[in-house]
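Written below as C-alpha cells is the structure these notes are about.
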Amino acid sequence: MAELDINWVRAQFPAFSEPTLLGQAFFENAGGSYTCKPVLDRLNRYYTQRKVQPYAPYGASRLAGEEMDEARARLAAMMGVKTDELSFGPSTTQNTYVLSQAFRQHLTPGDAIVVTNQDHEANSGPWRRLADEGFEVREWKVDPETGHLDPADLDALLGDGKVKLVCFPHCSNVVGELNDVAAICAKARAAGAYSCVDGVSYAPHGFVNVDTLGADIYLFSAYKTYGPHQGIMVIRRALGQALPNQGHYFNADSLYKRFTPAGPDHAQVAACAGMADYIEALATHHGATGDAAELSASAHKLMRDHEVELLQPLLDYASAKNSVRLIGPSVAANRAPTVSLLSAQKGEDLAAALAPKGIMAGGGDFYAVRALSAQGVDPDHGVLRVSFTHYTSAEEVTKLIDALDQVL
C-alpha cells in the first residue's frame, strides 16, 4: 500500500481548517481526538432531519432507526464480530461499571478477578470494588522501572483455577506499551477465565479485530476514535447471554440492550457510522479493497506505520534528554504514540509552558494514579503527556521537539 497521504487525511478533519486552531499543534489526542467530517455531517443531519423518537413507521423515525442500526452493523463488521455483540453506552467508564455489576451477580463469592496497576482507573476501580462483595481481587503488577506488564507474571495468579475474569489494558494511557492481547486472552481462556480488554488508549491507532484477538470483552470510546462522546463495547455472545441482564426486563432477549440500562443517545449512536465512513474512505483512498474487516485492517496498518515513523524521533529525543524520564518503551514499534515525560517540573506546569508555543498538551495523572505510583511517580506531581494519531504531521512533531527543548 502507498504511504499515508497526510494532506488527504487532514482534509477529512475540519479542525485543521478552523481559524481559531490555526498555528496550534494538537498533542492531547489520548484525551480525545478531533472529529472527522463524516461524523459531523451525520450528527448535523440527524439533529436537523431525524430528531424524533426512532423506530416508528413514519419517515423521519424510520430513517433515524436505520441510521442507528447502520452504525452498529458497520462497526461490528469492521471489528470482526456479530452486529448484536456490539453496543453503545454513555461512556466506557459507565459501560465498565455496568459490566462489573453483571459479574457481581454472575460470580460466586470466593471467585477471583485479576486486575492490573497499569490501567486507567475506569478499567480497574469497578472491578476492585467487588472485593467488598466477597470476591478476591488479584493485582497483576507492572515492573516498577519500565512499566512493563509481564505475561509470565500472570501464570502464578491463574494457577489455582479460582480466577474467572482477567481485566487488562491493550495499552496504558501513560506507559504506552502495547500488551500482547491475543496471548494474554489465550492464557486466560486456558485457565478457565474470561478476558476484559480496555482498548480506549489503543483504538485511536486502529480498530482491532476482536475475533482475532480472542477477547471476550473489548471496550473503547468513540470520542477518542474521531467520533462522538459514546462508549462502545463488544461482548461475545456466549458470555453476554450468560451474564445477568442489566437492562429493562423486556429487552433481555436483545444482546445489545442487555448492558445498556440507560436509553442510548440516538443522534450520537447514528453519527458513529461516520467513523466507519472515514476508515473505509481512508483505506480505499490508498488503494485497499475487501470487506469491512479487511478495509479496517488496511487503514489500521496505514495509521500505525505513519505513527511509528513519527514517534521514533520523539522517543530518541526524550531518551537522550537528561532532565526527563521517559515513561515506557523507547522503541516506537511496540508502543502507542502516547508519551509521558517526568521532570523536575510538574506535568501541568510543563503543559502550561508549552501552550504559548502553540503546543496543545496535558499534564497530571490522567486517572492512571496506580500506574504512576507503581513506577515511583508522585501523581500529584504528575507527568507531561504528549500524544498524537495518524493525522499528526512530521512538521508538528518537529515543532513539539523544538518547544520541549525550550521548556525542559
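The values are calculated or read from the model by the stated rules, or taken from the named source; none is laboratory data. Small disclaimer: the values here were computed from a predicted structure and weren't measured. Quick reminder, even Gly has a Cβ in these numbers, built from the backbone with ideal geometry, and neighbours come from all protein chains shown. Accessible surface is based on the protein model in full, side chains and every heavy atom, while ligands, DNA and RNA are left aside. Shrake-Rupley method; radii C 1.70, N 1.55, O 1.52, S 1.80 Å.
I need the calculated FRET efficiency for the pair N251 and N322, taking r as the beta carbon distance and R₀ as 60 Å, to the nearest 0.05. With R0 = 60 Å, the Cβ-Cβ based efficiency is 0.55. Based on protein heavy atoms only, the chain ends up with 39 Å² per residue of surface accessible to a 1.4 Å probe.
Accessible-area rank, largest first, for E66, E280, E145: E145, E66, E280, with all protein chains present and a 1.4 angstrom probe.
In order along the stretch 395-400, the phi-based Karplus estimate (6.51 cos²θ - 1.76 cosθ + 1.60, θ = phi - 60°) of 3J(HN,Hα) comes to 5, 5, 5, 4, 4, 5 Hz; Gly and Pro are listed as x. Secondary-structure-derived ellipticity at 222 nm for the chain, considering helices only, amounts to -11500 deg cm²/dmol, per-run term -39500 (n - 2.57) for DSSP H runs with n ≥ 4. Here the Karplus curve 6.51 cos²θ - 1.76 cosθ + 1.60, taken at θ = phi - 60°, turns the phi angles of the stretch 250-265 into couplings of 7, 9, 4, 7, 9, 4, 6, 9, 5, 10, 10, x, 8, x, x, 7 Hz, with x standing for Gly and Pro.
Sorted largest first, the spans of the alpha carbon positions of the stretch 1-58 along the three principal axes are 46, 33, 22 Å. The phi-based Karplus calculation (6.51 cos²θ - 1.76 cosθ + 1.60; θ = phi - 60°) puts the 3J(HN,Hα) values of the stretch 157-171 at 6, 8, x, 8, x, 7, 6, 10, 8, 10, 10, 7, x, 4, 8 Hz, whole numbers, x for Gly and Pro.
Close amide-amide hydrogen proximity is noted between G362 and R385, each under 5 Å apart and 5 or more residues distant or on a separate chain (H modeled in the peptide plane; Pro and chain starts excluded). Remark: the W8-R237 segment gains 78.6 nm on full extension, using 0.36 nm per residue and subtracting the alpha carbon distance. Kindly identify the chain as rounded, prolate or oblate by the Cα gyration tensor criterion: order the square roots of the eigenvalues as a ≥ b ≥ c, call it rounded if a/c is under 1.5, otherwise compare a/b with b/c, prolate if a/b is larger, else oblate. It comes out oblate by the Cα gyration axes.
Surface composition of the chain: carbon plus sulfur atoms hold 51% of the accessible area, using a 1.4 angstrom probe and ignoring ligands, DNA and RNA.
Does a label point 7 Å from the Cα of E145, set along Cα-to-beta-carbon, have any residues of the stretch 327-343 with amide nitrogen under 18 Å, and which are they? Residues 327-331 fall inside that zone. Put a dot 7 Å past the Cα of D41, heading toward its Cβ, do the same for A262, and the two dots end up 3.0 nm apart. Between the stretch 296-337 and the stretch 48-75, the alpha-carbon centres lie 40 Å apart.
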